[in-house]
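S.K.: Structure in structure tokens, see below.
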């Protein structure tokens, strides 16, 4: 009698499902444009972090920044000695752009931090509590939306320029430019309203989902529902908006400085453009290369933001 081999039942290994962030990272890596954007932003942070070593000359107001001027090399076109040429003031364009990257990151992170903090607080409170709280907060946001923000930014920036006495704050040995900080505050104050409405819309959507309603039925506190369920589920669009806000902040600050309303004690890319604009016919490289630096930064943040938007979109499937 043939023996029937008894086969042992194959045990299926439980496969742990990937987290939302792991799936988002997998999607992000497949997006070539997003990877290019992340590389461009990474280059910016690398240049800013090692600016003292990468720049040929120190930053202004150090007198050594004007070494080309002392050598008689004012308005010199790109060459082996000056890869990006010199400005109309006799400074090295390459070194100016390298040092300006530090202030660019300061503007991007400063404006975004303040803007998103205001937008998250107003948007979450208005979206979750609704009724009169929502009406009051959204009417305030609409007031900021209808203001001519650029005009008010220019006016307040000039007022602070005239009222500030010392150019720097000394915090733990780090010199923080007061004028540029004031510009950051002004841009953030007039830029949070649109983001707050977006956060509010996401909170309204998540608030009506079944698991949130179940938590309410079980008697969970408002704070638990807000921080345990609602805020984590609106974090993805907040990250995307924050990335795009960085690009907008860099562009607005460059425009404000180019118009002559920036910090006169800080050499940003916009200020380099403003100083050399009247000599554009003869010193065009002092306009082109700082402009390309602004383009590189804004494009990098936008590409990375679009990639994050696609990667963190729950409606997209693998």
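S.K.: Given the residues 294, 288, 256, 267, which is the only one that is assigned to a helix (DSSP H, G or I) and within 12 Å of residue 104 (Cα to Cα)?
M.R.: Details: 288 fails: within 12 Å of residue 104 (Cα to Cα); 256 fails: within 12 Å of residue 104 (Cα to Cα); 267 fails: assigned to a helix (DSSP H, G or I).
The unique qualifying residue is 294.
S.K.: Specify the residue that is surrounded by the fewest Cβ atoms within 10 Å (Cβ to Cβ); the eligible residues are those in the stretch 159-190 that are more than 13 Å from residue 103 (Cβ to Cβ) and at pLDDT 85 or above.
M.R.: Taking the candidates together, the pick is 185.
S.K.: Same structure again: Here are 16, 26: which of them is modelled with pLDDT under 90, assigned to a helix (DSSP H, G or I) and either in contact with a strand residue (DSSP E or B) (Cβ under 8 Å, 6 or more places away or on another chain) or surrounded by fewer than 13 Cβ atoms within 10 Å (Cβ to Cβ) (or both)?
M.R.: Numbers: 16 fails: assigned to a helix (DSSP H, G or I).
It is 26.
S.K.: I've got another one for you. Just checking, does the stretch 213-229 include any residue being closer than 27 Å to residue 303 by Cβ, surrounded by fewer than 21 Cβ atoms within 10 Å (Cβ to Cβ) and modelled with pLDDT of 75 or more? Give the steps one after another, and end with the answer.
M.R.: To start, the set of residues in the stretch 213-229 that are closer than 27 Å to residue 303 by Cβ comprises none.
No - not one qualifying residue is present in the stretch 213-229.
S.K.: A further question on this structure: Which of the residues belonging to the stretch 277-288 are within 17 Å of residue 253 (Cα to Cα) and in contact with a helix residue (DSSP H, G or I) (Cβ under 6 Å, 6 or more places away or on another chain)?
M.R.: Pass one, the stretch 277-288, residues within 17 Å of residue 253 (Cα to Cα): 277, 287.
The answer is 287, and nothing else.
S.K.: Next question. From 123, 85, 37, which residue is buried (at least 19 other Cβ atoms within 10 Å of the Cβ), within 30 Å of residue 226 (Cα to Cα) and in contact (Cβ under 8 Å) with a residue 12 or more places away in the chain? Lay out the reasoning, then the answer.
M.R.: Numbers: 85 fails: within 30 Å of residue 226 (Cα to Cα); 37 fails: within 30 Å of residue 226 (Cα to Cα).
Every option except 123 fails the conditions.
S.K.: Here's another thing I want to ask about it. Within the stretch 164-172, is there a residue that is free of Cβ contacts under 8 Å to residues at least 40 places away in the same chain and assigned to a helix (DSSP H, G or I)? Give the derivation first.
M.R.: Start the filter on the stretch 164-172 by keeping residues that are free of Cβ contacts under 8 Å to residues at least 40 places away in the same chain, which leaves 164-166, 169-172.
Then keep just the ones that are assigned to a helix (DSSP H, G or I); that gives none.
The answer is no; no qualifying residue exists.
S.K.: Test of understanding: among 266, 245, which residue is within 22 Å of the chain's Cα centre (by Cα), over 16 Å from residue 121 (Cβ atoms) and crowded, with 22+ Cβ neighbours inside 10 Å? Break it down into steps so the answer makes sense when it comes.
M.R.: Details: 245 fails: over 16 Å from residue 121 (Cβ atoms).
None of the other options fit; the residue is 266.
The values are calculated or read from the model by the stated rules, or taken from the named source; none is laboratory data. Here the structure is a predicted model, which means the values were calculated and not measured. Note: ideal-geometry Cβ built from the backbone for every residue, glycine included; neighbour counts use all protein chains shown.
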